[in-house]
Structure formats: structure tokens, C-alpha cells
Amino acid sequence: MQNTSSNKLWNRNFFNVCFSSFFIFTNFYLLAATMPIYVKRDLSGSATHISLIISLYILGTVLLRPFSGRCTDRFGKRKMSIAFLLLFIGCNLAYFGTDAIVPLLIVRFINGFGFAVTTTSTAALAMDWIPKSRKGEGIGYFSLFMSLAMVIGPALGLFLTNNFEYQVVLRFALGFAILALVFSFFTTEISTQLEKSQQRTVYTGWDKYIERKSLPFSFAGFLLALAYSSLLSYVALYTIELGYPQASMFFFIVLAFLIIIPRPYVGKLFDRKGANALVYPGTIILVIGLIGLALSFNLWTILISAGIIGLGYGAIFPAYQTLSVSAASPQRAGTASATFFLLYDIGIGIGSFVLGIIASIIGYSNMYLTASGIAIISLMTYIIINKKMYRKKNEVK
């Protein structure tokens, strides 16, 4: 059950779950940006160890993501959020005692479990408190907090790493994890009573873990993630190749701000005009930005491309997420959210690997042209899905 009794969006519970998500992702981005430096500088790790620090965390997330939705729907969003935030905090505490590569890799892998469930449960919990008529706007604001974390986490982490010992970074990370737990603890779940009072549908096989109704738009999100992974993994190497090693930091700052600034209007546009008003222009803008990045020749062209990409991606991502979650019943919100993020995580993982191989063969510039082609395929997939959905609705009528 959703917050349908009132059209008010900014209530105490929605505020709490947004901040819980913000601190989870701030922790994630802070450690993602600094852990490779820690491994190389303090633990004398190799390039393989650095790649494992990243990939094992993603692997842990992907492995538990399908089960996170099922558990969230079955045991309750708030309970699962609190339980796995405790695991999340436990892993952050364990980092203080890991002064060797192997124990650190083990903790990172387990930390991925906590991240998978906490992000799924908080996203599902947020859906409880978003009025149906303002769903696009609500999810837009919720994901805005994730975008803020994408700016604050790496910037703070790199500042602390460059000026203090890494133990200080870990203290901040632990503090963010504890704050996430506090905000989640004071959030109320309102769908439990409805679920207990109604006869539940019995799901078998993969349906226990995957929401079939969410798969089409989640697949479009998967293709979007393939294209977007080119930025997360290779912008820093590309800007070094272009002769601007410091540009990558400014690239992500511009990217994040151009995702954040229009986000409130993006959600309202979704509610008023529908997903087409975001996905069509958003994809065109994203493609232009990726092509611009591929053709960049100085700092200004790199940063302008970042802004254009941010505008496009900032419109498409919340649209796909909203469509995927909205396709399911409220009682399957957790599974629907897990389905979307599972495919998105896989897209980031596969894209990072495949586009890296492509870059090694044809260069980074051509790789970004390839990424723009993948974005076009994502739009074509969305158009096909939309047409099939429209036909089904007409058949029902």
C-alpha cells in the first residue's frame, strides 16, 4: 500500500528514507574512489588487487541482488534495511583490522551483500511514501539524493586521502553507515498490514526473486548501464591520454551537477507527460554528449560533453527506474526494485569489461562512439517495449 491518503510528498518518513539512502551511497562512493589508492599506496597492492577490490564488491552485490527483493517483500522492507545495515556497519568496522590484501578482499565481498539488500529495501521503502499521482517526481527526488552522494562521496574521500591517513577515511565511512541506520530505524513501513490482511500470490521458481513485469524496462536500463559504464571505468584514462589528467575529477563534478539540477523538474515532467517526454529527448542528448566526448580535444570540450551527458542520463535513468517499479504491484515493490538494479549492476559489470576490450583495440575515442551506439539501441528497445505494452492495453480494453 502506498501513501495514497494524501498527496503530500515531503513527509517525515520519505525524508528519513531519502537520507538513509544518501548516507549508504556516500559511504559507497567515498570508499570506491579511495580504496584503490589505499591498496596501492598503503598495502603495496598490484593492478590486479585494485581491480579485485572493485569487482568483488560488485560481484557480492550482484549475487545477492535477486534474493534481496524476495526477502524484502517477505520479511518487510524496514526489517531488512536495519538488519543489513548492521552487516554494512560490521564490514566498515572490519576495515579497521584489515591491513593485508586477502582479508580486505573478503570484507569487500561481504560488504557487497549489505549494499545489495540495503539499497533494494530503502528504494522499496521509499515507494511506500510516494503518492501514486507523484510517483515520477518522488522517485526523481529519491534518486537525487543518490546523485548528491556521487558528488560528495568521492570529493570528500579524495580530500581526506590526500591530507590524512586512511584511518580517517574509514572513520567517516563508518559514520555515514551509522547515520544510514539511524534514519532507516526512524522510518515507518505502511504496507505490512495490507500484505498480512490479503491472500498472497504464491510465487515459484525464479518468480520468487525476479519480477517478470519489470524485466522489459529493466532490460532497457541494462543497455543504458552498458553505455554509462564507459564513463565510470575509463574517463580518467581517456583524459590522461588527451593530456588533461586532472580533467576527470571536474568531469564527474559537472556530470553530477547537471544530473542533480534538473532532477525536480524531470520527476514532475514524468508525472504530467509520461516517460516518452524524458526517454526520447534524454537519449538524443546522451548520444550527442557521448559523441562530443569521443571528439573532445581540450578541457572545455570534455566538460561541455560531461554536462550534456549529465542532462541526458539524468532524464533517462529515473524514467526507466519508475517504469520498472510501477509495472509491479505494491506488494512486489522490493522484487521489482531488485530486478531493475540487478540488470543495471550486470550492465555496469559487463560494460566495463567489454568496452575495455573494445578500447584496447580501437582506442578510447572510438569506444565512446560505440557507447553512443549502445544508447541508441537502448532507445530502440524502449520503443519496441512501449509498442507491445500499448497493444496489450488495447487488447484488454
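The values are calculated or read from the model by the stated rules, or taken from the named source; none is laboratory data. Just so it is clear, the structure is predicted and the values come from calculations on it, not from any experiment. In this analysis, Cβ positions are derived from the backbone assuming ideal geometry, glycine residues included, and neighbour counts consider all displayed protein chains. All accessible areas refer to the heavy atoms of the entire protein, side chains included, with ligands and DNA or RNA removed. Shrake-Rupley method; radii C 1.70, N 1.55, O 1.52, S 1.80 Å.
Annotations for the structure displayed:
- Yes/no for residue 221 being crowded, with 22+ Cβ neighbours inside 10 Å, at pLDDT below 90 and either under 26 Å from residue 310 (Cβ atoms) or of a type in the set (Asp, Glu) (or both): no
- Set side by side, the residues 336, 306 differ, and just one is more than 18 Å from residue 231 (Cα to Cα), open to solvent by less than 10 Å² (accessible area, probe 1.4 Å) and either aliphatic (A, V, I, L, M) or at pLDDT 90 or above (or both), which is 336.
- Selection within region 339-349 - among the β-branched types (Val, Ile, Thr) and crowded, with 24+ Cβ neighbours inside 10 Å: 339
- Qualifying residue in region 318-328 (condition: over 24 Å from residue 72 (Cα atoms) and within 14 Å of the chain's Cα centre (by Cα)): no
- Test: residue in region 131-141 that is part of a helix (DSSP H, G or I) and open to solvent by 60 Å² or more (accessible area, probe 1.4 Å): yes
- Condition met for residue 70 (among the basic types (Lys, Arg), modelled with pLDDT under 85 and within 22 Å of residue 20 (Cα to Cα)): yes
- Filtered residues of region 350-372 (kept if open to solvent by less than 30 Å² (accessible area, probe 1.4 Å), among the small types (Gly, Ala, Ser) and assigned to a helix (DSSP H, G or I)): 351, 352, 356, 359, 371, 372
- With respect to being buried (at least 19 other Cβ atoms within 10 Å of the Cβ) and either in contact (Cβ under 8 Å) with a residue 24 or more places away in the chain or closer than 26 Å to residue 116 by Cα (or both), residue 329 falls outside the description.
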